Amino acid sequence: LKAIHNIKKLCRFVYDIDCVKQTVHSHGVGGLYRGLSSLLYGSIPKAAVRFGVFEFLSNKMRDESGKLDGTRGLLCGLGAGVAEAVVVVCPMETVKVKFIHDQTSANPKYRGFFHGVREIVRTQGLKGTYQGLTATVLKQGSNQAIRFYVMTSLRNWYKGDDPNKVINPLVTGVFGAIAGAASVFGNTPLDVIKTRMQGLEAHKYKSTVDCAIKIMKHEGPVAFYKGTVPRLGRVCMDVAIVFIIYEEVVKVLNKVWKTD
């Protein structure tokens, strides 16, 4: 059984590599960057909402010594994830997924980011940018809950009994990569459902639950982990870099604006 499992993993890896090769062959290297503009437009406000809400909640939930334990870190991460899902992620991800699907179709409708947004709002209303909100809230909420729980737990473990111990950026990056990997394995099924709910064929599904049931019925449980390997590589690096920047910025801000 272990050999069969390893063969399946190898096949999935080969499939992911072939997917990259096919994309580059058909659309050039630029094909790997489809939907990048909408992703960039959402990255800054997403990070601002995520870390802003996390800092606000964590400052309220620290104990008398100023320490934030793993459980409270999880709750703060959950709150941050839900906030970013509603304010930024859902509309931006909906637009991004629609763009990717549109550009790979035979007759693309959208000439650019702003034209695409106007067309989506004109034809589907503001609601058209909020497809799959429930799935997005579940995905982002669990995503950030896992990441901040792992990150907070690792930071507390590293500092031990010395709350003032400085963490090297390289160590922060390693912790961030671990947190990113944990979130990938923990919520990839929700990410698959979210993507289906926001795509051009979202009308096939009555709700988030209906989408999950149909995927399980027609494609089996393996379908919930499609794209895990490429997502793992992207997310680990992404989370590592983001947490390094976050921690270093906080250090600078703490020196500029002294707080209790």
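Within region 210-231, the residues that satisfy the criterion of being free of Cβ contacts under 8 Å to residues at least 60 places away in the same chain and in contact with a Ser or Thr (Cβ under 9 Å, 6 or more places away or on another chain) are 224, 225, 226, 231. Checked against the criteria, residue 130 counts as modelled with pLDDT of 80 or more and open to solvent by 60 Å² or more (accessible area, probe 1.4 Å). Of the residues in region 241-249, at least one is modelled with pLDDT of 85 or more, surrounded by fewer than 13 Cβ atoms within 10 Å (Cβ to Cβ) and aliphatic (A, V, I, L, M).
Is there a residue in region 192-201 that is crowded, with 17+ Cβ neighbours inside 10 Å and touching a Leu at 6+ places or on another chain (Cβ under 6 Å)? No, the conditions are met nowhere in region 192-201.
The conditions of being closer than 21 Å to residue 134 by Cα, modelled with pLDDT under 80 and out of contact with any helix residue (DSSP H, G or I) (no Cβ under 6 Å at 6 or more places or on another chain) are met by residue 98. If you filter region 136-185 down to residues that are open to solvent by 70 Å² or more (accessible area, probe 1.4 Å) and within 13 Å of the chain's Cα centre (by Cα), you find that the one that is farthest from residue 211 (Cα to Cα) is 185.
Going through region 212-259 one residue at a time, which ones are over 25 Å from residue 50 (Cβ atoms) and of a type in the set (Gly, Ala, Ser)? Listed by number, the residues that qualify are 212, 220, 223. Of the helices (runs of 4 or more DSSP H) lying entirely inside region 2-92, those containing at least 3 residues that are open to solvent by less than 80 Å² (accessible area, probe 1.4 Å), farther than 19 Å from residue 250 by Cα and at pLDDT 75 or above are 70-84.
The values are calculated or read from the model by the stated rules, or taken from the named source; none is laboratory data. A quick note: this is a predicted structure, and the numbers were derived from the prediction, not measured. Reconstructed Cβ throughout: ideal geometry from the backbone, glycine too, with neighbour counts over all protein chains shown. SASA here: full protein model, heavy atoms, side chains in, ligands and nucleic acids out. Shrake-Rupley method; radii C 1.70, N 1.55, O 1.52, S 1.80 Å.
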